[in-house]
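Colleague: Can you keep this structure in mind? I'll have questions shortly.
The values are calculated or read from the model by the stated rules, or taken from the named source; none is laboratory data. Being a predicted model, the structure only gives us computed values, none of them experimental. In this analysis, Cβ positions are derived from the backbone assuming ideal geometry, glycine residues included, and neighbour counts consider all displayed protein chains.
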Amino acid sequence: MFKTFLDRLYYSYEMLAYHIPFFAAAYIRFHAPSVNKELSLLHIKSTDRVLHIGCGAIPYTSFFIAQETGAHVTGIDHKPPVVKNAVHVLHRYSQSNNISITRGEGTTYDVSSFDIIIVSYGIAGQERIVRHVLSSSKPGTRVLVRTSTAKQNASLMGLIRPLIVNRARLLLTQESLLFVVPKTT
């Protein structure tokens, strides 16, 4: 219930902030500390290929990763209006040519060429997406899953708990869990 409310709140704010640059810039600044914590977990190199599943209408994670590491970031979202807005925001705020935003489904997108995959909290079917990532990624791929500290999906946690190598507490009731895709899944 709380997750559904929070997801709708984030989605509504992003879609509104897209139209008001001041709010978009504030949203980006608000999330900077969280992404910086995640960067310290991920140890991204400029040669890494990063996929962000559920990038949203304001792809702040893609901005920070590209800016701080020089790595190429692909952001995907399954909602066409979100992708359209994200591309527009990307052109408005980013100085990086290392970011691409496209429409994609997290459960079917080709993840095999990425070194790092970030799975956003506010997406539906997070467990199905993580199962797809585990079965389709190359061994050694670092996967960061954003989740709730308040109420965690027991099935998702059962799937990744043995694989978790690190975690970071984020804003409100969110945390990021880092795991590495094993040689056999």
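Colleague: With G140, G125, G158, G106 as the choices, which residue is surrounded by 16 or more Cβ atoms within 10 Å (Cβ to Cβ) and of a type in the set (G, A, S)? Spell out how you get there, then give the answer.
Modeller: Working: G140 fails: surrounded by 16 or more Cβ atoms within 10 Å (Cβ to Cβ); G125 fails: surrounded by 16 or more Cβ atoms within 10 Å (Cβ to Cβ); G158 fails: surrounded by 16 or more Cβ atoms within 10 Å (Cβ to Cβ).
Of G140, G125, G158, G106, the one residue that is surrounded by 16 or more Cβ atoms within 10 Å (Cβ to Cβ) and of a type in the set (G, A, S) is G106.
Colleague: Scan the range 16-29 and give yes if some residue there is under 26 Å from N153 (Cβ atoms), loosely packed, with under 12 Cβ neighbours inside 10 Å, of a type in the set (S, T, Y) and at pLDDT 75 or above, otherwise no.
Modeller: no
Colleague: Mind counting the residues in the range 104-127 that are part of a strand (DSSP E or B) and of a type in the set (D, E)? Can you show your working first?
Modeller: Quick first cut of the range 104-127, residues part of a strand (DSSP E or B) only: 116-119.
With of a type in the set (D, E) added as a condition, the list becomes none.
Qualifying residue count, the range 104-127: 0.
Colleague: Of V130, V89, which residue is assigned to a helix (DSSP H, G or I), farther than 23 Å from L9 by Cα and touching a helix residue (DSSP H, G or I) at 6+ places or on another chain (Cβ under 7 Å)?
Modeller: V130
Colleague: With the checklist (1) small (G, A, S); (2) buried (at least 19 other Cβ atoms within 10 Å of the Cβ); (3) more than 30 Å from K84 (Cβ to Cβ) in hand, flag the one item S120 doesn't pass.
Modeller: Checking S120 against (1) small (G, A, S); (2) buried (at least 19 other Cβ atoms within 10 Å of the Cβ); (3) more than 30 Å from K84 (Cβ to Cβ), the one that fails is (3).
Colleague: Is it true that some residue in the range 143-152 is under 21 Å from Y11 (Cβ atoms), charged (D, E, K, R), in a strand (DSSP E or B) and out of contact with any Pro (no Cβ under 9 Å at 6 or more places or on another chain)?
Modeller: So far as the range 143-152 goes, yes, one or more of its residues are under 21 Å from Y11 (Cβ atoms), charged (D, E, K, R), in a strand (DSSP E or B) and out of contact with any Pro (no Cβ under 9 Å at 6 or more places or on another chain).
Colleague: Restricting the range 145-166 to residues that are of a type in the set (K, R) and in contact (Cβ under 8 Å) with a residue 12 or more places away in the chain, which is nearest to G122 (Cα to Cα)?
Modeller: Once the filter is applied, the top-ranked residue is R146.
Colleague: Restricting attention to the range 168-181, does a residue exist that is surrounded by 19 or more Cβ atoms within 10 Å (Cβ to Cβ) and in a loop (DSSP other than H, G, I, E, B)?
Modeller: Yes, there is a match, as at least one residue in the range 168-181 is surrounded by 19 or more Cβ atoms within 10 Å (Cβ to Cβ) and in a loop (DSSP other than H, G, I, E, B).
Colleague: Could I ask something else about it? Looking only at the range 14-30, decide whether some residue is farther than 21 Å from Q174 by Cα and of a type in the set (D, E, K, R).
Modeller: Among the residues of the range 14-30, not one is farther than 21 Å from Q174 by Cα and of a type in the set (D, E, K, R), which makes the answer no.
Colleague: Would you be able to say whether some residue in the range 160-169 is under 21 Å from V35 (Cα atoms), touching a strand residue (DSSP E or B) at 6+ places or on another chain (Cβ under 6 Å) and charged (D, E, K, R)?
Modeller: Yes - at least one qualifying residue is present in the range 160-169.
Colleague: Something else now. On the given criteria, is D115 surrounded by 12 or more Cβ atoms within 10 Å (Cβ to Cβ), acidic (D, E) and at negative phi?
Modeller: yes
Colleague: Still on this structure, please answer the following. Working only within the range 45-67, note down all residues that are surrounded by 22 or more Cβ atoms within 10 Å (Cβ to Cβ) and part of a loop (DSSP other than H, G, I, E, B).
Modeller: If the condition is that a residue be surrounded by 22 or more Cβ atoms within 10 Å (Cβ to Cβ) and part of a loop (DSSP other than H, G, I, E, B), then G54, C55, G56, A57, I58, P59 are the ones that fit.
Colleague: Something else now. Among the residues of the range 100-139, write down those that are in contact (Cβ under 8 Å) with a residue 40 or more places away in the chain and among the charged types (D, E, K, R).
Modeller: Those that are in contact (Cβ under 8 Å) with a residue 40 or more places away in the chain and among the charged types (D, E, K, R): D115, K138.
Colleague: If you don't mind, there's one more thing I want to ask. How about the range 45-68: which of its residues are modelled with pLDDT of 95 or more, touching a helix residue (DSSP H, G or I) at 6+ places or on another chain (Cβ under 8 Å) and farther than 12 Å from I118 by Cα?
Modeller: K45, S46, D48
Colleague: Quick one: which residue in P81, P59 is under 16 Å from the mean Cα position of the chain (by Cα) and either closer than 18 Å to Y27 by Cβ or without any contact (Cβ under 8 Å) to a residue 24 or more places away in the chain (or both)?
Modeller: Numbers: P81 fails: under 16 Å from the mean Cα position of the chain (by Cα).
Just a single option satisfies the conditions, and that option is P59.
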